[in-house]
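Structure first, commentary second.
The values are calculated or read from the model by the stated rules, or taken from the named source; none is laboratory data. None of the values given here were measured: they were computed from a predicted structure. Cβ placement follows ideal geometry from the backbone for every residue including glycine, while neighbour counts extend to all protein chains displayed.
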Amino acid sequence: MPVAFKAFGLALPLLLLSAPLSAQSFSIGLRGTGSFPTGAFAEDPSSTNNALIQGAKAGFGYGAEVDLSLGAIGAYGSFDHIAFDCQTTACSSSGEYTLQGVAVGLKLSPPVASRFRHYLKAGVTFNDLKGGYGSSSSGLTTDRTPGFELGAGADYSLLGLLVIQPQLRYVGQNLKTNIPGVTVNATKPESGVNYFTFDLGAALHLPFGL
């Protein structure tokens, strides 16, 4: 995603130069998530790709996020739990890959006084993934490995306290896979577990002054 990183880098100095010394706020919210796998994660298991984690289909989940805004720049921490449909023997009889983890990063938005305020965000993710082999209860798992996310969205303020938050994110990561029956000392193979998400959330927005 080099183009996205360049665009994010160009937006950062412009937002910082125009940031006011006010408009500080704290918010905490919940969201619903629709996720769409891409790359090897989404490939048909019958393909010639040797990826261990394949066959993922669109999934749904939920999450939470806490934001601290200091004008145009802020910090956030978030949690995700997503269940992807699956069409491969790496999944359990329920036919799901389950991804869960947290992210921390920066959130940038123009310093405008408006009900509708758009933003960019970039962060580091720490996710893991679980699947099963057939009906076995001990199946595929992964280590919690760092990845990244890039996103764009908007805050729409209602009554000054409640904020509606639609956003689009891309999450990229290589997860080290633990396979049943393979010794601990063996080298753990990596699989790309990359996906897009569309989130729709609501947050309680609490302004404060310094």
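For (1) at pLDDT 65 or above; (2) farther than 29 Å from Lys130 by Cβ, each residue gets a yes or a no:
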residue	(1), (2)
Ala7	no, yes
Ala11	no, yes
Ser18	no, yes
Gly34	yes, no
Thr38	yes, no
Pro45	yes, no
Thr48	no, no
Val66	yes, no
Ser78	yes, no
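Residues of segment 166-183 that are part of a strand (DSSP E or B) and modelled with pLDDT of 95 or more: Pro166, Gln167, Leu168, Arg169, Tyr170, Val171, Gly172.
Residues of segment 155-164 include at least one that is under 18 Å from Thr197 (Cβ atoms) and either touching a strand residue (DSSP E or B) at 6+ places or on another chain (Cβ under 8 Å) or at pLDDT 90 or above (or both).
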